[in-house]
Amino acid sequence: MRVFYLLLALLVTAPAFGQMPVNPESAAKAKELFARAVEALGGDAFLQVKTAQFEGRVYGFRRGDLSGLAQVVQYVGYPDQSREEYGEKKEEIHITNGDKGWMIDINGVHPEPEEEMKSRRESRSMRAFYVLRYRLGEEGSIVEYVNRDIWENREVDVVRFVDKDNGVLTFSLDASTALPARTTWVHRDPQTRERIEEVETFGNYFTRNGIATPRRTVRLRNGTRVFEAVIRQAQFNVPHAESLFQPPPG
């Protein structure tokens, strides 16, 4: 069930793309569009959220075919705490707390390997809502406007966030609502150095506690669907016990 990670629903050198400086007009346009996106997602409510609780279903795919599904409840302490409970009887639980993580099942508590946690942190840092909350304006980063495009029969504005290490997350923002419709992140497998393109799409936004949230998130890797999440309920800024993000004693 490692495929089931709900919303895990994202720096001082020269910029990317041949180290060429970004055009000032392009940067200004990108900043304007990113500001519109943040406002559409809830503005200060989106930026200052402390906790969240999501309920829904997640689906895993192997070679594009459905390989598993589960009911899930996820508790989030922003920016780097998460607890995901799978199944009606919590048959499997995944906890992330900063640099540490655990998987809990009928056989006990299993610490997550260091390399797994490193990969998870890198992935989280290049997710759409993480970038919009925490990384815009980061030292050494740039933003740039690409173009107006058509995606799934609607107009989108394409903008890029580039960090100091030349990590690039490309956003397609709905031209009418300013909400994120799709992101693309290209990176390398740390072991094989093979190119990986990860695409996430977001749809059916709804608003709770002043924050807009996609009801449906789909993730593709190299063009093949690997994950889908459908949120049934969401709550924000509900107090969570710190013990939720720790493994059970003993």
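Quick notes
- Converting phi to 3J(HN,Hα) with the Karplus coefficients 6.51, -1.76 and 1.60 and the offset θ = phi - 60°, segment 94-110 yields 10, 10, 10, 9, x, 7, 10, x, 9, 10, 10, 9, 4, 8, x, 9, 10 Hz in sequence order, with x at every glycine or proline.
- Spherically averaged projected area of segment 83-132 from its Cα convex hull (nm²): 4.0
- For segment 48-126 versus segment 214-237, the gap between their alpha-carbon centres in whole angstrom: 13
- Viscosity 0.890 mPa s, temperature 25 °C, Stokes-Einstein D of segment 56-141 from Kirkwood C-alpha radius, µm²/s: 167
- Extension gain for THR192-ARG148 works out to 12.4 nm (0.36 nm per residue, less the C-alpha to C-alpha distance).
- Each pair of Cα atoms in segment 180-250 enters the Kirkwood radius, and Stokes-Einstein at 20 °C and 1.002 mPa s then converts it into a translational diffusion coefficient of 142 µm²/s.
- Integer Hz, Karplus 6.51/-1.76/1.60 couplings in order for segment 189-197, x for Gly and Pro: 5, x, 8, 8, 6, 6, 6, 10, 10
- Candidate lysines - alpha carbon under 16 Å from LYS118, same-chain residues fewer than 8 apart omitted: LYS100
- With 5 Å bins from 0: P(r) over segment 24-245, alpha-carbon pairs, percent: 1, 6, 12, 17, 21, 18, 13, 7, 3, 1, 0, 0
- Each 10 Å bin from zero up to the one holding the largest Cα-Cα distance in segment 124-250 carries the following percent of pairs: 11, 35, 34, 17, 3, 0.
Taken together, the values in this text are just the output of simple stated rules run on the coordinates, not laboratory data. All of these numbers come straight from a predicted model, not from anything done at the bench.
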